[in-house]
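Worksheet: one structure, shown below.
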Amino acid sequence: MTLSVKHLLGIKELQPEDIERIFQTADNFKQVLNRPIKKVPSLRDTTVANIFFENSTRTRISFELAEKRLSADVVNFSASGSSVSKGETLIDTVNNILAMKVDMVVMRHSASGAPWFLANHIDASIINAGDGINEHPTQALLDAYSIRERLGDVKGKRVVLIGDIMHSRVALSNIFCLTKLGAEVMVAGPPTLIPKHIESLGVKVEYDVKKALQWCEVANVLRIQLERQHKPLFSTLREYALYYGVNRQMLDSIEKEIVIMHPGPINRGVELNSDVADSKQSIILPQVENGVAIRMAVIYLLSGKREVE
């Protein structure tokens with residue numbers, strides 16, 4: 001089995017059939033992850049370079065674990081403390097790594113579009129682990145996969161993305177992924193954090209979080225991206241938590257039980273309270289587990305595509 005693309009640059013480039021193929025492959029790898037020996041020899045002769053020009057803990061560990069579970073050789077590169085800090089360009093850095101005969105590159109970069117630039121200049125398969133405020137495709141895939149696991153299917157489900165939509169690459173990839181799979185999608189949060197004309201992507205907009213929660217079956221609560229906000233877009237975190245944070249009292253006032261998600265890391269007490277994040281409604285920890293299976297599936301399928309070519 002292969003994908004219709006050589007790279008995973010964004011969800012926008014994937015066909016619904018590609019997403020379903022990734023999910024089916026992840027189903028198999030979840031069984032592997034639950035075995036006493038959590039490893040398969042699928043990529044024994046493949047070398048994967050994790051190139052992170054932006055700080056990351058969860059995504060980087062998840063990718064590295066996925067690669068090692070597939071028996072790939074792993075090279076980790078971090079921009080801090082490297083020749084990048086001495087003025088080396090992106091293309092020089094990657095060409096030097098490729099000279100070491102790397103087959104696949106997993107890249108996170110603060111500049112939107114960096115993975116596309118890379119894909120046009122090198123032969124190795126590229127997996128986008130997050131580029132600026134553009135896309136984070138594997139996060140969207142694991143989010144949709146987690147919804148499918150909990151509710152049986154994604155098609156027809158009502159999903160709301162709550163929070164900093166404007167600066168969230170997770171939000172954009174989720175919108176692309178969920179709409180491709182037939183879900184109804186809404187975004188909710190302060191008007192200053194929701195881009196103008198976002199309805200053109202086929203989503204509903206709501207500024208009242210409680211109304212959004214009453215509408216949905218799944219709420220994916222997003223982190224406030226303070227590091228990407230260049231000017232104040234709301235007065236204080238306390239005010240944000242008061243009007244847009246999801247708490248137990250708000251959920252208890254809704255006459256149904258909805259599924260709670262979060263891509264992490266959580267600003268506890270801001271966008272999400274602990275009594276919600278740690279409740280039985282939450283699938284935040286299953287999301288983390290599913291992240292390894294989804295990334296195993298993506299790496300495996302892309303390596304197959306390259307072998308066919």
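Some notes on this structure:
- Candidate set from the range 280-309 (those that are hydroxyl-bearing (Ser, Thr, Tyr) and at pLDDT 95 or above); member that is farthest from residue 70 (Cα to Cα): 282
- The range 257-281 - residue that is surrounded by fewer than 18 Cβ atoms within 10 Å (Cβ to Cβ) and free of Cβ contacts under 8 Å to residues at least 24 places away in the same chain and, of those, nearest to residue 216 (Cα to Cα): 280
- Residue 209 meets the conditions (1) more than 18 Å from residue 256 (Cβ to Cβ); (2) touching a residue at least 12 places away in the same chain (Cβ under 8 Å) in every case but one. The failed one is (1).
- Only a single criterion out of (1) farther than 16 Å from residue 291 by Cα; (2) in the same structural domain as residue 75 (by TED's automatic domain parsing) is not satisfied by residue 31, namely (1).
- Summed over the range 44-66, the residues that are buried (at least 18 other Cβ atoms within 10 Å of the Cβ) and in contact with a helix residue (DSSP H, G or I) (Cβ under 9 Å, 6 or more places away or on another chain) give a count of 11.
- Within the range 29-43, being assigned to a helix (DSSP H, G or I) and surrounded by fewer than 14 Cβ atoms within 10 Å (Cβ to Cβ) holds for one residue alone: 31.
The values are calculated or read from the model by the stated rules, or taken from the named source; none is laboratory data. These numbers come from a predicted model, not from an experiment. Backbone-built Cβ (ideal geometry, glycine too); neighbour counts: all protein chains shown.
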